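Below: one structure, written as structure tokens.
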Amino acid sequence: DTYAKNLETDVLIVGAGFGGIYLMHKLRQLGFKCKIYEAGKELGGIWHWNCYPGARVDTQVPIYEYSLPEVWKDWTWSERYPGFAELRKYFEHVDNVLDIKKDVAFDTRVVGAQYDKPSSRWVIETEDGRSAKAKYLLLATGFAAKRHFPDWMGMDKFQGEIHHSSFWPDAGVDVKGKRVAVVGTGSTGVQIAQETAKTAASVTVFQRTPNLALPMQQKPITKEEQQQRKSKYPEIYKNRMTTFAGFQYDFVEKNTFDDSPEEREKFYQERFDNGGFEFWLANYKDLLFDKEANRQAYDFWAKKTRARISDPRKRDILAPVEPPHAFGTKRPSLEQNYYEMLDKPENDVVDIKKTPIVEVTETGIKTEDGKLREFDVIALATGFDSVTGGMKNMGLKDVDGVPLSEKWKMGTWSYLGMTCSGFPNMFFLYGAQGPTAFSNGPSCVECQGDWIVDAMKKLKDEDIKYMDATKEAEEQWRQRVTELSDKTLFPGTSSWYMGANIPGKPREQLNFAGGIPLYEKECREALDNGFEGFVTA
Ligand code: NA7
């Protein structure tokens, strides 16, 4: 029984989103007995938690889905960039095909886990006092498992409704005719603002850093056109793994100044018109490496965006002439009329870098200039203790009882972005020092998932009890991650990629910046060279 007080299984997976489901499916095929512990009430991971207004994926389908033919063959979408409700339906379909739920314990939050060497088992504890013993512990908890709440005074005093984006009530919040505040301008803040504005009396966005948002170019897609395209899906999914970020497009083999100004203008315009991340991830190959090249892209973005905002004050806050950071070193959101919406007189944007929020009162939000703005609803789109926060928060301990939160206090150490020294037979995906935030989720999950499954198969075939990364291998991987990042413009920007969004969090690159193909090659080599960088027993 999945909910047993003392569960015994081969594999305990934490998290029933894209990653956990993929691992379960692949491991079952090899005869491993798997169970999933999931803190939420349903499958879907981030699409279970995210039901705030406008929650939508900003990677196109069919790139943003499993490459498994049994799953895609009978599934079609209604639009290029589906919303959370349709993504939840997709997970129902996944369950119908792969029969996942029967092995998932929902409402089950892991609060502790340690490997017991004498019995060669992980012992995993849940919040409500259950436990599991497993040969393998797989963490598929995603990069946004720990929310970030600001620490303003008076948050509990507010008389209206206040919600963090990923704790949005499932039943929704009626914003019709209401005054809505949105704090934060990451992907989430932009989506909430543009969606709530459709019915709210007013929307006020509190912006610390402008989002260099790109036009989504959303379009409906028909069943017929998808059916026709399906013969190409195997090829599309194969190609996906050959690109930097696991997309259908890649950076072009040209530098920015190889083109004349006219050619460049045309090149940029085409990417803008195609929409999505093309202006980011199918740009010139020096975009994220060369300051001057990057400035060209920024200037094009600013010119296009400024032209959409008639109010000069708002224009300078939303799309300043001088770049707030190098383009693409923070994640651009994909917007749908965000700028036209904020340009309207009833809506507003407040520059909280200039006048920070000092307090939440019973009626609204007070800024440093003494101004109180009154609201009925406050949406906190303030993000997450991204990438490492979730794993640090699960009570994981190494074989000697040292908490992972201690090990990662001054920085992050992993090997291949999937294992940690002192945590035998524990694997994680879509987390620290993997391609994670620089990749399309399903691509990353399949790349890392296949590696984990192959490693486990090898252990089984060769009758090895466990594999454990060495400290030296971890140190070298950390250097590798740093050295790849240092060649780019990312370290120069304060972003959650660099751990810079959480007060006191060590500043370091949290993601592997070499792209999926290189990452896959390096991970494969370690496995093929007889568990290089691991001790086995
Ligand atoms: P993000 O991208 O981390 O955005 C959080 C936003 O909240 C960002 O604009 C922050 O400003 C702002 N923020 C954070 N803390 C505060 C405080 N204390 N005061 C004011 N403003 C604050 O989170 P999202 O949920 O939008 O997106 C997460 C990822 O999920 C996204 O990238 C996609 O991959 C999916 P800052 O930029 O730090 O100045």
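The values are calculated or read from the model by the stated rules, or taken from the named source; none is laboratory data. As the structure is a prediction and not an experimental result, all values here were calculated from the model. Neighbour counts are summed over all protein chains in view; Cβ atoms, including those assigned to glycine, are modelled from backbone coordinates with ideal geometry.
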- Item | Residues (under 30 Å from Leu139 (Cα atoms) and of a type outside the set (Ser, Thr, Tyr)) located in region 342-388 | Ala379, Leu380, Ala381, Gly383, Phe384, Asp385, Val387
- Item | Subset of region 95-106 [under 23 Å from the mean Cα position of the chain (by Cα) and either outside any loop (DSSP other than H, G, I, E, B) or exposed (fewer than 14 other Cβ atoms within 10 Å of the Cβ) (or both)] | Asp95, Val104
- Taking only pairs six or more apart or across chains, which ones have beta-carbon atoms under 8 Å, a first residue in region 320-332 that is among the basic types (Lys, Arg), and a second residue that is more than 9 Å from the ligand (Cβ to nearest atom) and in a loop (DSSP other than H, G, I, E, B)? Lys330/Leu212; Lys330/Thr493
- Note on the structure: Here the residues within region 69-83 that are part of a loop (DSSP other than H, G, I, E, B) and not hydroxyl-bearing (Ser, Thr, Tyr) are Lys73, Asp74, Trp75, Trp77, Arg80, Pro82
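For region 371-388, how many residues are in contact with a strand residue (DSSP E or B) (Cβ under 9 Å, 6 or more places away or on another chain) and assigned to a loop (DSSP other than H, G, I, E, B)?
First pass over region 371-388, keeping only residues in contact with a strand residue (DSSP E or B) (Cβ under 9 Å, 6 or more places away or on another chain): 371-385.
So of that shortlist, the ones also assigned to a loop (DSSP other than H, G, I, E, B) come out as 371, 375-376, 381-383, 385.
Residues that pass the stated criteria total 7.
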- Task: May I ask you to say which residue of Asp170, Asp116 is surrounded by fewer than 17 Cβ atoms within 10 Å (Cβ to Cβ) and modelled with pLDDT under 95?
- Result: Asp170
- Item | Cβ pairs under 6 Å, 6+ apart, first in region 494-509 and farther than 19 Å from Glu406 by Cβ and among the hydroxyl-bearing types (Ser, Thr, Tyr), second near the ligand (Cβ under 9 Å from one of its atoms) and assigned to a loop (DSSP other than H, G, I, E, B) | Ser494/Ala500; Ser495/Lys330
- Considering only region 363-372, state which residues are under 17 Å from Val180 (Cβ atoms) and more than 14 Å from the ligand (Cβ to nearest atom). Thr363, Gly364, Leu372
- Task: Would you point out which residue out of Thr355, Thr329 is within 16 Å of the ligand (Cβ to nearest atom), surrounded by fewer than 17 Cβ atoms within 10 Å (Cβ to Cβ) and among the hydroxyl-bearing types (Ser, Thr, Tyr)?
- Result: Thr355
- Failed condition for Lys135, given (1) assigned to a strand (DSSP E or B); (2) of a type in the set (Lys, Arg); (3) without any contact (Cβ under 8 Å) to a residue 12 or more places away in the chain: (3)
- Mind checking which pairs have a first residue in region 1-12 that is in contact (Cβ under 8 Å) with a residue 40 or more places away in the chain and over 10 Å from Val123 (Cα atoms) and a second that is of a type in the set (Ser, Thr, Tyr) and assigned to a loop (DSSP other than H, G, I, E, B), Cβ under 8 Å, 6 or more apart or different chains? Tyr3/Thr108
- Task: Out of Pro320, Pro345, Pro324, report the one residue that is within 13 Å of the ligand (Cβ to nearest atom), part of a loop (DSSP other than H, G, I, E, B) and modelled with pLDDT of 95 or more.
- Result: Pro324
- Message: As an exercise: evaluate Gly431 against (1) under 20 Å from Tyr115 (Cβ atoms); (2) touching a residue at least 60 places away in the same chain (Cβ under 8 Å); (3) away from the ligand (no atom under 16 Å from the Cβ) and give the number of the one condition it does not meet.
- Response: (3)
- How many residues, within region 500-537, are modelled with pLDDT of 95 or more, within 16 Å of the ligand (Cβ to nearest atom) and at positive phi? 0
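Taking the criterion of being farther than 29 Å from Ser231 by Cβ and among the β-branched types (Val, Ile, Thr), would at least one residue in region 90-98 satisfy it? It would help to see each step written out before you state the result.
To start, the set of residues in region 90-98 that are farther than 29 Å from Ser231 by Cβ comprises none.
Checked against the condition, which is being farther than 29 Å from Ser231 by Cβ and among the β-branched types (Val, Ile, Thr), region 90-98 yields no hits at all.
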- Task: Could you give me the residue pairs with C-beta distances under 6 Å whose first residue belongs to region 186-203 and is near the ligand (Cβ under 9 Å from one of its atoms), whose second residue is among the acidic types (Asp, Glu) wherever it lies, and which are 6+ apart or on separate chains?
- Result: Val190/Glu335
- Expected single match for surrounded by 15 or more Cβ atoms within 10 Å (Cβ to Cβ), away from the ligand (no atom under 16 Å from the Cβ), among the small types (Gly, Ala, Ser) and in contact (Cβ under 8 Å) with a residue 60 or more places away in the chain among Gly449, Gly441 is Gly449
- Reported set for region 257-280 where residues are under 22 Å from Ala245 (Cβ atoms) and exposed (fewer than 13 other Cβ atoms within 10 Å of the Cβ) is Glu270, Asp273
